[in-house]
Amino acid sequence: MYISKYREAIVLENKYKNEHRTMVPRTVKAPSHREMCPQRPEGEKPEHTFRKKPEHTGMKKVMAQPACVDTRKGDKQLLEKSGLVPFYLQKNDYRIVPGYLRRRKAEKEKAKQDNDAWLTKQQETVKPLAEQEKQNILQGLKRRFNELNFEYQSLPFTISPSQHKKYNYKMFLEEAMSQVEKDIALFEEHKYIYTSDAFHCFLKNNL
């Protein structure tokens with residue numbers, strides 16, 4: 001095996017070659033704490049290194065309003081408008097009837113009192129109709145209805161609008177029969193009927 005005679009010289013030359021690539025040693029000594037933070041002269045106050053509080057700029061701090069999350073995706077709404085907070089129960093005027101409702105109630109009571117007073121006054125001038133007089137009036141209304149119905153059925157089957165007299169008379173009979181039917185239903189439906197003194201005088205003169 002061939003070995004060069006310059007082998008030992010080359011190995012010795014390359015042994016310290018990597019150590020002198022820089023102008024300083026391979027390991028640099030770290031500075032001590034005293035070297036990094038020099039000593040303060042005696043009697044000198046230390047400077048504050050913490051962050052100073054910012055001056056007041058006139059802006060109001062916005063407080064976070066309470067909210068509730070109502071969906072699984074994180075959608076939220078204000079707690080005050082969600083209906084979960086008894087907002088109306090905490091109002092100062094809770095359970096106090098508004099002024100317009102009190103005025104409306106007073107007006108309704110006053111109108112009722114005026115109506116009762118008017119009815120009381122009217123009852124003093126009216127009298128209940130006797131049963132015999134009621135039956136006589138009812139019989140007269142039925143008799144009048146039969147007379148009008150007989151005249152209505154005596155008219156021709158067809159009447160053209162050009163026949164003014166017959167057409168108008170037919171309309172008059174229909175309206176009169178309708179009114180008599182309403183009067184008959186009124187007397188038959190109500191048990192007690194009150195009439196004024198003038199109506200009593202009219203009945204005495206016509207019955």
Problem - Single condition residue 127 does not satisfy, out of (1) part of a helix (DSSP H, G or I); (2) under 28 Å from residue 189 (Cβ atoms) - result: (1)
Practice task
Determine which single condition residue 167 fails, assuming it passes every other condition in (1) over 21 Å from residue 195 (Cα atoms); (2) surrounded by fewer than 10 Cβ atoms within 10 Å (Cβ to Cβ).
Solution key: (2)
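Every number here is computed from the coordinates shown, using simple stated rules; none is lab data. Because the structure is predicted, anything quoted here is derived from the model rather than measured. So basically every Cβ, Gly included, is an ideal-geometry build from the backbone, and we count neighbours across all protein chains shown.
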